[in-house]
Amino acid sequence: MSAVTYITKAGGLWLLSRIEVPEYAEAGLAVLPGAIIVSIVGPELARAGPPEWGAGAVALLVAWRTENVLLALVSGVAAVLLFRGV
Amino acid sequence: MSTETSDSPTESERADRTMHFSMTGVREGFIECIPIALSVAGYGIAFGVLAAQAGVTVAEAAFMSATVLAGAAQLIAIELWAHPIPVGTIVATTFIVNLRYVLMGAALQPWFSRLSPLQSYGSVFFTADENWALTMGEFRSGSRRGAFLLGSGLAIWIFWISATVVGAVSGAAIGDPARYGLDFALTAVFIAIAVELWDGRSRLLPWVAAFGVAIGAASVLPGRWYILLGGLAGCFAEVVRVAA
């Protein structure tokens, strides 16, 4: 993990002194992290039920309003507990 | 977490000037990054708690934070964590999710080419999304403090490791995760990261592609390969969208 992470961090610096990155490749690389996250969460939520969907919506709302990851975690967890209890 | 890499003529002009690399630059970068590092610490606590819940020891979690220093990749590794550890899946997914750093490093190149290899390649280890953005802002406004990425990265690194330890210690103290709804914590964190990565409506097409392929692949393939496939589908969709 450390090695491949460092390779990506140093890779751009090394590469750009040698080649020009085309625009489409740049765009493709830029969406990768988001696409991976969606691919993790999508099937997980599809397997889950209404309590998780509701809690997911709460976490989304909190993350969007506060931009705070820890706060989104806490409210998502509180919401899932609440909805599972109902 | 933006990965904007536009080049303007003024940037190359600025890059022609000499860059300074000094302890003062490190210190200034460190101090200016502290408010951001504090928010990173919140994220680090979340990572520590989740790592402990997944059965990672405090020492292992701290070691991972110290040597990897990439939040999303570390959380994904925790998501994939199992016994025996699926090394191939974790390393491949880490690489793919971190490919954005290639762009971020490339964006630093006009300024870092003025530094020595040790200075520049040493500094990039400390690249995180947050201090990269701060450093780019600094360089674009004409600053010549070449050690800024290192200084700001050190602030993030220290807060990240400390927060991981705090989170992992408290996470280990909590018992059954499902009882407290903690089985949902990682999903909540990923949703929050997705919100951060949402860059406007242009993200819709690649994300829908990723979602569809991931759901489809999850139902037919064993293991967690659907994550990589979904990610690559999103990337491919975006390449097609831009090239079209």
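The values are calculated or read from the model by the stated rules, or taken from the named source; none is laboratory data. In this text, all values refer to a predicted model and were calculated from it rather than measured experimentally. Backbone-built Cβ (ideal geometry, glycine too); neighbour counts: all protein chains shown.
Points to keep in mind about this one:
- In the set B:Ala73, B:Ala82, only one residue is in a helix (DSSP H, G or I) and in the same structural domain as B:Val124 (by TED's automatic domain parsing); that residue is B:Ala73.
- Taken over the stretch A:68-78, the residue count meeting the criterion of being touching a helix residue (DSSP H, G or I) at 6+ places or on another chain (Cβ under 6 Å) and free of Cβ contacts under 8 Å to residues at least 12 places away in the same chain is 3.
Each row is one residue, and each column tells you yes or no for (1) facing another protein chain (nearest Cβ under 7 Å); (2) at pLDDT below 90; (3) surrounded by fewer than 17 Cβ atoms within 10 Å (Cβ to Cβ).
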{"site": "B:Thr57", "(1), (2), (3)": "no, no, yes"}
{"site": "B:Ala62", "(1), (2), (3)": "no, no, no"}
{"site": "B:Val68", "(1), (2), (3)": "yes, no, no"}
{"site": "B:Leu75", "(1), (2), (3)": "no, no, no"}
{"site": "B:Leu80", "(1), (2), (3)": "no, no, no"}
{"site": "B:Gly88", "(1), (2), (3)": "no, no, yes"}
{"site": "B:Val91", "(1), (2), (3)": "yes, no, yes"}
{"site": "B:Thr94", "(1), (2), (3)": "yes, no, no"}
{"site": "B:Val97", "(1), (2), (3)": "yes, yes, no"}
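- Looking across the stretch B:203-232, the residues that are more than 7 Å from chain A (Cβ to nearest Cβ), out of contact with any Phe, Trp or Tyr (no Cβ under 6 Å at 6 or more places or on another chain) and of a type in the set (A, V, I, L, M) come down to B:Leu204, B:Leu205, B:Val208, B:Ala209, B:Val213, B:Val220, B:Leu221, B:Leu228, B:Leu229, B:Leu232.
- Top-ranked residue in the stretch B:184-212 [being within 22 Å of A:Val77 (Cβ to Cβ) and in contact (Cβ under 8 Å) with a residue 60 or more places away in the chain; ranked as surrounded by the fewest Cβ atoms within 10 Å (Cβ to Cβ)]: B:Glu196
- The condition of being surrounded by fewer than 24 Cβ atoms within 10 Å (Cβ to Cβ), outside any helix (DSSP H, G or I) and modelled with pLDDT of 90 or more holds for B:Leu115.
- Selected residue (only one of A:Val31, A:Val41, A:Val4, A:Val21 is touching an Asp or Glu at 6+ places or on another chain (Cβ under 7 Å) and within 30 Å of B:Val102 (Cα to Cα)): A:Val31
- Number of residues in the stretch B:12-26 that are of a type in the set (Gly, Ala, Ser), modelled with pLDDT under 90 and outside any helix (DSSP H, G or I): the value is 0.
- Test: residue in the stretch B:145-156 that is out of contact with any strand residue (DSSP E or B) (no Cβ under 7 Å at 6 or more places or on another chain) and surrounded by fewer than 16 Cβ atoms within 10 Å (Cβ to Cβ): no
- Subset of the stretch B:224-244 that is more than 11 Å from B:Trp207 (Cβ to Cβ) and not hydrophobic (A, V, I, L, M, F, W, C) - its residue that is modelled with the highest pLDDT: B:Arg241
To keep it simple, each residue is scored yes or no on (1) at positive phi; (2) surrounded by fewer than 24 Cβ atoms within 10 Å (Cβ to Cβ); (3) more than 7 Å from chain B (Cβ to nearest Cβ); (4) in contact (Cβ under 8 Å) with a residue 24 or more places away in the chain.
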position	(1), (2), (3), (4)
A:Ile19	no, yes, yes, no
A:Tyr24	no, yes, no, no
A:Gly28	no, no, no, no
A:Gly34	no, no, no, no
A:Arg47	no, yes, yes, no
A:Gly54	no, yes, yes, yes
A:Ala59	no, no, no, no
A:Thr66	no, yes, yes, no
A:Val80	no, no, no, yes
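- Residue match in the stretch B:172-185 (condition: at pLDDT 90 or above, more than 30 Å from B:Glu32 (Cα to Cα) and at the interface with chain A (Cβ under 7 Å from one of its Cβ atoms)): no
- Residue within the stretch B:140-150 that is assigned to a helix (DSSP H, G or I), modelled with pLDDT under 90, in the same structural domain as B:Asn98 (by TED's automatic domain parsing) and within 23 Å of the chain's Cα centre (by Cα) present: yes
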